[in-house]
Amino acid sequence: MKIAVLGSGNVGGALGTQWARAGHAVLFASRNPNSEEMLQLIARAGANAHAMSSREAVEGADVVLLATPWGATESVIAHCGGLAEKIVLDATNPLGPGFALTHRGDDSGGEQVQRWAPQARVVKVFNTTGYGNMENPVYDGKPSLMFYAGDDSVAKDVARQLSDVAGFESIDAGPLENARLLEAWAVLWIKLAMQYGHGRDFAFVKLTR
Ligand SMILES: NC(=O)c1ccc[n+]([C@@H]2O[C@H](COP(=O)([O-])OP(=O)(O)OC[C@H]3O[C@@H](n4cnc5c(N)ncnc54)[C@H](OP(=O)(O)O)[C@@H]3O)[C@@H](O)[C@H]2O)c1
C-alpha cells in the first residue's frame, strides 16, 4: 500500500515506521520535510519511507493516516483537498483540557472527521492506546488490542491489515458511530497512564474461553 501519514509525530512516526519496515510505501507529511527530526525518522524507517508536504503525500497515497493534533485536524483535511475517495485511518483524539472529550455522548471526533471529509472512507483506529504500544504492541508474547470502527468494509479491511502488520490483535468494533466508544476508551487509557499511576507501558488484551 501507499500510505500518507498526516502528522508525523509520536503516533504517525511509530506506525509509519512499522509499515515501512513491513514493505509498505510510507509518505511522511510534514510542514518541514527537510527538518533534522524528519531526516532521522526517515533513516529509522528505512528505504520505503519518504518525507514531503501533506498535499504531495495525499496525492501519492491510497490510504491516509490522520495523526494530527485535534485542533489542527480540520485545517489539515481542508489543506489536502478534503481527502475525497481516500481510505482515512483516523487516530486522532478530540481532547480538550483535563483529557475531556470535546464531543460527548451523541457524537465523536471520528464522525466529525467524516463530516469534514464527506467523500473519504473513514475508519476510527489507532486511537485507543499510547504510541509506545504502537512501536511495540506485544507483551509477554501476547499482542495487545486495537479496535477499529467504520462504515466502509473495504476501508475497515485495510485498517485491520495495517493493525495486524503493526503487531496488534485487531478487533472490529462496528460502525463509525462507535468511534464514540473508542474515544472514551482512549480517555480511560490516558487517565490510567497519566493520572492513576500505571505509566505508559501497559496495554489491554483479550482473554477468551
Ligand atoms: N500520543 C499518543 O500516545 C496518542 C495515542 C493515540 C492517539 N493520539 C492522537 O494522535 C494525534 C497525534 O498525537 P501525537 O502524540 O502523535 O502528536 P505529535 O507528536 O505532536 O505529532 C503531531 C504532528 O502533527 C504535525 N502538526 C502539529 N501541528 C500541526 C498543525 N497546526 N498543522 C499541521 N500539522 C501539525 C506536526 O508535524 P510537523 O511539525 O512535522 O508538521 C507533529 O509532529 C492526536 O490527535 C492525539 O490525540 C495520540
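Coordinate-derived values only; no laboratory data. Source: prediction; values computed, not measured. Note: ideal-geometry Cβ built from the backbone for every residue, glycine included; neighbour counts use all protein chains shown.
When peptides 139-150, 189-200, 1-12 are sorted by average Cβ neighbour count within 10 Å, with the highest value leading, the order is 1-12, 139-150, 189-200.
I'd like the antiparallel share, as a percent to the nearest 5, of DSSP beta bridges with both residues in the chain.
Details: 6 of 31 bridges.
About 20 percent, rounded to the nearest 5.
Using the Karplus relation 6.51 cos²θ - 1.76 cosθ + 1.60 with θ = phi - 60°, the per-residue 3J(HN,Hα) values for the stretch 56-67 come to 4, 4, 5, 4, x, 10, 9, 10, 10, 8, 9, 9 Hz, with x marking Gly and Pro.
Taking amide H as placed 1.01 Å from N in the peptide plane, L95 has its amide H under 5 Å from the amide H of W70, T102, each at least 5 places away in sequence or on another chain.
Filter the chain for me: DSSP H helices, axial length by Cα at least 18 angstrom, mean Kyte-Doolittle hydropathy not below -0.5. List them by residue number. Membrane-span-like by this rule: 153-166, 179-194. Going by Cα centres, the stretch 1-71 and the stretch 166-187 are how many Å apart? Value for the Cα centre distance between the two parts: 22 Å. Annotation: amide H-H contacts under 5 Å for G82 (H modelled 1.01 Å from N, sequence separation of 5 or more, or interchain): none. Applying a DSSP loop filter and a limit of 16 other Cβ atoms within 10 Å to the trypsin sites (Lys or Arg not before Pro) in the stretch 61-147 leaves R104.
Which of the GluC sites (Glu not before Pro) found in the stretch 4-105 are in a DSSP loop and have at most 12 neighbouring Cβ atoms, other than their own, within 10 Å?
E85
Check each of the trypsin sites (Lys or Arg not before Pro) in the stretch 26-82 and keep only those in coil by DSSP with at most 13 other C-beta atoms within 10 angstrom; list them in order. Hits after loop and neighbour filter: R31. Over the chain, dividing the summed -39,500 (n - 2.57) contributions of all DSSP H runs of at least 4 residues by the number of residues returns a 222 nm mean residue ellipticity of -11500 deg cm²/dmol. Quick check for the chain: number of Lys pairs with alpha-carbon distance under 21 Å, counting only pairs 8 or more apart or on different chains? Here the count comes out as 11.
Among 165-176, 61-72, how do they line up by average Cβ neighbours within 10 Å per residue, starting with the highest?
Top of the packing list down: 61-72, 165-176.
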